[in-house]
Structures are given as C-alpha cells and as structure tokens.
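Q: Take this structure, written in structure tokens, and hold onto it; I'll ask about it next.
Every number here is computed from the coordinates shown, using simple stated rules; none is lab data. If you're wondering where the values come from, they're calculated on a predicted model, not measured in any experiment. Here the Cβ positions follow ideal geometry from the backbone for every residue, glycine too, while neighbour counts run over all protein chains shown.
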Amino acid sequence: MVEHSRHHRRRAQGELESLVLSALREADGPATAGWVKERLGEDLAYTTVITILTRLLAKGAVTRERAGRSFAWTPASDHAGLAAHRMRRVLDAESDREAVLASFVTGLGPDDERLLRELLRPPRSDGED
Amino acid sequence: MGVFVFLPLVLPLTAWPIARLAAQHLHPRTATRMLTWVAAVMAVCSTVCLCLVMVVGTATLPGNPLPDGWSDPEVREAVPYDEVVGKAAIPALCVVLLACARTLWRHTRTRRRAHRALEGLPDTEVAVLPDGTPYAYALPGTGPRRDRVVVTTALLDHLAPAERRALFAHERAHLAARHHRFLLAVRLAAHANPFLRPLHTAVSYAAERWADEEAARAVGDRRTVATAIGKAALASRAGGPPLPAFAAPGPVPRRVAALLAPAPATGPWPEVFTSAGLAAWGAAAGTAASAMSSANAAVTLFWILRTATPL
C-alpha cells in the first residue's frame, strides 16, 4: 500500500493535484479531505490527499477553513490558474530560460524603449520618411 | 602535424566577422542553418584537437594508463610545446565535457518541468495561462507530449486580434522548424570553444528573425508582426520579472526595424563579392580549413601512435 502510493507520487504529482482540484470543484461547497478521498475512489492514502491539498493551498489553488477537528477545503482557482502558478515556478527557477524556451521577446536595453516607440509610431499619411 | 593541431582551436575566431555579416546580409533562415553548421563543425574539430593534444599530454604523465611507447620523443614532437599544452588540455577538456553535460541536462529538465506544469489543462496546441505577467514561448514536445505554445492572458490583453495571430504564427514557426535544436547546438558549440560564442548570439537572433518572417508570411502583413513584437516587449518591461539587458540597440528594436523594412531576399547562394557572399564563403572556407586541419592532425597522430605502439 505504501509502495503503491509512493509510486503514484513519483508518477505524476501534477496529475494528482489536478485530480484533487477537479474533485473539489465538483463538490457543493467546502469539502473535507475524507470526502475528496472517497470521491476519487482511487487507493490514495488519506495522508497523500492531505499532502496534495496542502500543496494546492501553497499554490493558492484552494482555501481552507476549520470545520470541527478537521479542515474544509474550497477550490480558489481552476486548472488554468494552477498551471499558471506552476509555470511561473518553473520559469523563476530557470535563471537562463531564454536558453531552453524561445521567448517571444527578450529584455529591452536602456535605450531600446525609446527606439521601439519611434519605430512603431504610425506612418505619416503624406508618405514623407 | 606541427602547429596545425592548434589551428582548429583558434579558427573559431573567424566566427565573429562571419556572424556579423551573415546576420546583416543573409536571409534569417539561411543564416540560422549556416551559422549552426559552422558552429557545430568547428566545435567538433576543436574538441577533436583538444583530445589529440590531451593524449600526448597524458602520455607524459607518470603512472598513466596509456602504452609506454606513446610518450616517445617522436610522439611528443608531433605536438609543439607538448609539456605545457598537453597538460593544460586535460582540465580544458574536462571543463568542456562538464559544461556540455550540464547544458543538456538543464535543457531536458526545464522542458520536462514546463510540460508537467501544464498537466490538467486541455490537450490543445495553445495553452493560455491566467497570469498577470506577460510572456509567451514555444515549448517543444518531449516523448508523448505534443508541441505547445504557452501564452499568458496578460500578454494577450495587450494585443489586438491580428497581433495575437502574429504571435501564434511566430511561436508555431519556432516549433515547426525545430529551432530549439539549432539553439541547443550553438550553445553546446559555445561551450566547446569560447571563440564560438558570437555564433550563439547570432543564431539566437537569426532564429527569432526567421520566425518573424514566417509569421509575417502567415499573417500577410509585416507591420502587424512588428507591432505585436513591440507591444509585447513594452508590456514585458512594465510588469515582468527582470530579463537580461543587452547593450543598445537590443535585439527587439532590430527585429521590429527589420520587419518594417521590405522582406529579405530568399535568393540562391550569394555572389562572392558582396557582403553576403563574403559571409557565406568566408564561413565555408573557415569551416573547411578547420575540418581539414583537425582531420590532418587526427590522422597524423593516429599513425604516429600506431607506429609507437608495440604490437
């Protein structure tokens, strides 16, 4: 069982996060971790669900409030929001990301902004210049 | 082989004027391909020669695992200044190998992580992320994962519909022409021989220009692409994380200016006595010289070592 959940975690953290977020978004109002575990139906350990929920909380994708002895969880963003957060973390971790990912634009030098605005001024209709 | 063994190590110095001329006068597609090939061949030749020099250097070290015959005076004579150069080649080769391995590893890691970040989104070509930072980039597929264009809502908000089409066409051109392979190749080449660094900068720029030209063709209006690039750059400057600054004028204004000018000619191989011709033929000659002298050095050393090895 432990072996199995560890396998899950290694396989796809992102996938599990998405699954848990989907489950929460299907709930009517705040849901507990136990409810999420039942809803997913997979042989996920209760602690795994808690771990994933906590990770989603750190990413701002869910919020929680005390409900008796446990927490009730509410989705705060959709999958796109979660992906955006994860992507920012990837980009921030990669100091030299231009090297790997061909960005649409690179940074502007000190004089580039003025140059750009000059270039992009709409052309004059009289055809001069 | 004499001093010729050192020639491939210094011939990449010719890359600087070649890169400059090619970036200015050749069609970006030609420039990207040609400069990448020049960089790759020169890098391989330079590394081969470094290996040859290292063999001679290692053979003179006490306790080395190489055959005793390899430290004969005849072998040492093959490489001038073998004592100093041979030993210097050992750490140099280690640095080259480590730097290349590190670059390859980081390249695959970042691509994998970026794909993982997009998990849970619908499997579409364009992934739109709700993010306040304006950015867009092309993410090449790995294994079963498809090529994707990643763009944030903040960037899309700054662009008119036609400019958005220009942005997508630009990123698709990167993916369709597998630009990341060119970029990776020149990065590795720049690690193999620091004199090849100008080619890295030149190829990065030429690949962007190539994608710009493809986008202009797809959209049918050069000015739209120019405006899209300009707006995106100004938007990124306003709210984005700090990006590396270049000495003025940076690549973005040059790209915009090139798009506002007429489309570059996609003619055949240029005449010798034009600037474009000088770049192309100079690159071809330098590369050929580098390849020949490293081949010459390799063959010579092979025969010397073969004769020196007791059978």
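Q: Sort out for me the Cα centre separation of segment B:81-131 from segment B:138-199, rounded to whole Å.
A: One Cα centre to the other: 15 Å.
Q: Starting from the Cα gyration tensor of the protein assembly as shown, take the square roots of the eigenvalues, sort them a ≥ b ≥ c, and report rounded, prolate or oblate (rounded when a/c is under 1.5, otherwise prolate if a/b is larger than b/c, else oblate).
A: Judged from the Cα gyration tensor, the protein assembly as shown comes out oblate (a/c at least 1.5, b/c at or above a/b).
Q: Now for a different question. Taking the 0 to 90 degree range and rounding to the nearest ten, how far is the long axis of helix B:28-59 tilted relative to the main principal axis of chain B, both from C-alpha atoms?
A: That helix lies at roughly 30 degrees to the long axis.
Q: Which of the lysines could a cross-linker bridge to A:Lys59, judged by Cα under 27 Å and excluding same-chain residues fewer than eight apart?
A: A:Lys37
Q: Still on this structure: What angle do you read, to the nearest 10 degrees and between 0 and 90, between the alpha-carbon axis of helix B:179-192 and the longest principal axis of chain B?
A: With rounding to tens, the tilt is 30 degrees.
Q: Is there a quick way to get the dipole size of chain B? I mean about its Cα centre, with the Cβ of Lys and Arg at +1 and of Asp and Glu at -1; what is the value in debye to the nearest 20?
A: For this selection, approximately 980 debye.
Q: By its C-alpha gyration tensor, with a ≥ b ≥ c as the square roots of the eigenvalues, how is chain B shaped: rounded for a/c under 1.5, else prolate for a/b larger than b/c, else oblate?
A: Judged from the Cα gyration tensor, chain B comes out prolate (a/c at least 1.5, a/b above b/c).
Q: Let me ask you something else. Considering only DSSP beta bridges where both residues belong to the protein assembly as shown, give the percentage that are antiparallel (nearest 5).
A: 80
Q: Turning to a different aspect of this structure: If you stretched the chain out fully between B:Ala99 and B:Ala265, how much longer would it get, using 0.36 nm times the residue separation minus the C-alpha to C-alpha distance?
A: So the extension gain works out to 56.0 nm.
Q: Among B:His170, B:His107, B:His27, determine the one that fluctuates most according to a GNM of chain B built with springs between C-alpha atoms less than 10 Å apart.
A: So, out of B:His170, B:His107, B:His27, the one fluctuating most is B:His107.
Q: Shielding of B:106-118 by partners, i.e. mean partner chain Cβ atoms within 10 Å per residue?
A: 6
Q: Loop-only check: which trypsin sites (Lys or Arg not before Pro) in segment B:64-163 are DSSP coil with at most 15 other Cβ within 10 angstrom?
A: Those satisfying the criteria are B:Arg146.
Q: Which ³J(HN,Hα) values in Hz, rounded to whole numbers, follow from the phi angles of segment B:101-106 under the Karplus curve 6.51 cos²θ - 1.76 cosθ + 1.60, where θ = phi - 60° and Gly and Pro get x?
A: 4, 5, 4, 4, 5, 5
Q: Need one value for B:254-265: mean number of C-beta atoms belonging to other chains within 10 Å of its residues' C-beta atoms.
A: Partner-chain Cβ atoms within 10 Å, mean over residues of B:254-265: 2.
Q: How about segment B:159-193: which trypsin sites (Lys or Arg not before Pro) there lie in a loop by DSSP and see at most 16 other Cβ atoms within 10 Å?
A: Those that pass, being in a loop and sparsely packed, are B:Arg178.
Q: Just to confirm the number: angle between the C-alpha axis of helix B:161-176 and the first principal axis of chain B, 0 to 90 degrees, nearest 10?
A: 20
Q: Return the long-range amide H neighbours of A:Asp78 (sequence gap of 5 or more, or a different chain), with a cut-off of under 5 Å between placed amide H atoms.
A: none
Q: With the crude spin-label approximation of a point 7 Å out along Cα→Cβ, what separation in nm comes out for B:Met292 versus B:Glu77?
A: 2.6
Q: Multiplying the sequence separation of B:Ala88 and B:Gln24 by 0.36 nm and subtracting their Cα-Cα distance, what value in nm do you get?
A: That pair, B:Ala88 and B:Gln24, stretches by 19.3 nm at full extension.
Q: May I ask you to evaluate 6.51 cos²θ - 1.76 cosθ + 1.60, the Karplus curve with θ = phi - 60°, for each residue of segment A:51-59 and list the ³J(HN,Hα) values in order in whole Hz, giving x for glycine and proline?
A: Once θ is set to phi - 60°, the couplings for segment A:51-59 become 4, 5, 4, 5, 5, 5, 5, 5, 8 Hz.
Q: Rounded if a/c is under 1.5, else prolate if a/b is larger than b/c, else oblate: which is segment B:128-247, with a ≥ b ≥ c the root eigenvalues of its Cα gyration tensor?
A: Since a/c reaches 1.5 and a/b is larger than b/c, the shape of segment B:128-247 is classed as prolate.
Q: Loop-only check: which chymotrypsin sites (Phe, Trp or Tyr not before Pro) in segment B:46-123 are DSSP coil with at most 12 other Cβ within 10 angstrom?
A: Listed in order of number, the matching sites are B:Tyr81.
Q: Using DSSP, restrict attention to beta bridges with both residues in chain B and report what percent are antiparallel, rounded to the nearest 5.
A: That works out to approximately 50 percent antiparallel.
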